[in-house]
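Since the structure comes first, as structure tokens, the remarks are kept for the end.
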Amino acid sequence: MPATAAIRRADRRQHSRQHLADIPLARARSDAVSADRGRRGSGEGRIRRQGRGTVISRPKLTQPLSLHSYTEGAISLGRTPGRILVAWEDVAADAATATDLEVELGTEVMHLERVLLADGERVGLESTYLPLHRFAALRGSYDPTTSLYAAIRATGVELAGARERIETVLAAPREAGLLECTTALPMLLLHRRSVDADGAPVERVRSLYRGDRIAVEARLSPEPA
């Protein structure tokens, strides 16, 4: 009997050691599964670890590179767009703005700065410069929480073309504060110059988008021979 009891105690100790040895392997497998789910979920909603649990966030808003407004793009994807007005002022055109809007250096131009929302979530910061001699009437008629492109079309001006450049940057402290993120979060920076059917400048736009909430998409086709 004493020998039998000793054998049973040894078996229990061996089982305990094996169980403890299996714990790191089980955790590693669990972490691998979580990471794989996070990768597969990047297009349809992201999985983030938070403490001991996980939080599933909304999928990124894919913004098309087109002459449609942010409002039109968000609505087409089933999201609710919104804007928070930060500034609406007349400013002196610097060299880059004067060149894009084809006005003299120092000429007053209209400047609107707005935080872009999708379903109430801050996704971008947009600064738009307009030639004041063309759009001064917007002061009395435009609601800055709505689509600016719709307001421009309402004046009889149609956007006919644009040049757009995309970069990756980090936000300045002020920009990060307005977007409620850290300065370490990667951003997409879009510069746009739009013109009307006569080639006259309509706007100069600087759009800063949170890289964790916005993706951009372009449709390409072969040029005619």
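The Rg/Rh ratio for the stretch 128-191, using Cα coordinates for both the radius of gyration and the Kirkwood hydrodynamic radius, is 1.08. Spacing of the modelled spin labels on R163 and E217, each 7 Å from Cα toward Cβ, amounts to 2.8 nm. The simple Förster model, with R0 at 35 Å and r as the Cβ-Cβ distance, assigns S141 and E180 a FRET efficiency of 0.70. For T80 and H133, the FRET efficiency from 1/(1 + (r/R0)^6), where r spans their Cβ atoms and R0 equals 35 Å, is about 0.50.
When restricted to Cα atoms, the stretch 108-225 yields an Rg and a Dmax of 15.8, 49 Å, respectively.
With contacts defined as alpha carbon pairs under 8 Å and 6 or more residues apart, what's the relative contact order of the stretch 87-209 in percent? It rounds to 25 percent for the stretch 87-209.
When a 1.4 Å probe is rolled over the protein heavy atoms, the share of accessible surface on the stretch 161-225 that falls to carbon and sulfur comes to 54 percent.
Which shape class applies to the stretch 102-156: rounded if a/c is under 1.5, otherwise prolate when a/b exceeds b/c and oblate if not, where a ≥ b ≥ c are the square roots of the Cα gyration tensor eigenvalues? It is oblate, given that a/c is not under 1.5 and a/b is not larger than b/c.
Taking every alpha-carbon pair under 8 Å whose residues sit at least 6 apart, the stretch 61-156 reaches a relative contact order of 26 percent.
The values are calculated or read from the model by the stated rules, or taken from the named source; none is laboratory data. All of these numbers come straight from a predicted model, not from anything done at the bench. Note: ideal-geometry Cβ built from the backbone for every residue, glycine included; neighbour counts use all protein chains shown. Quick note on the areas: whole protein, heavy atoms, side chains included, nothing else; ligands and nucleic acids left out. Shrake-Rupley method; radii C 1.70, N 1.55, O 1.52, S 1.80 Å.
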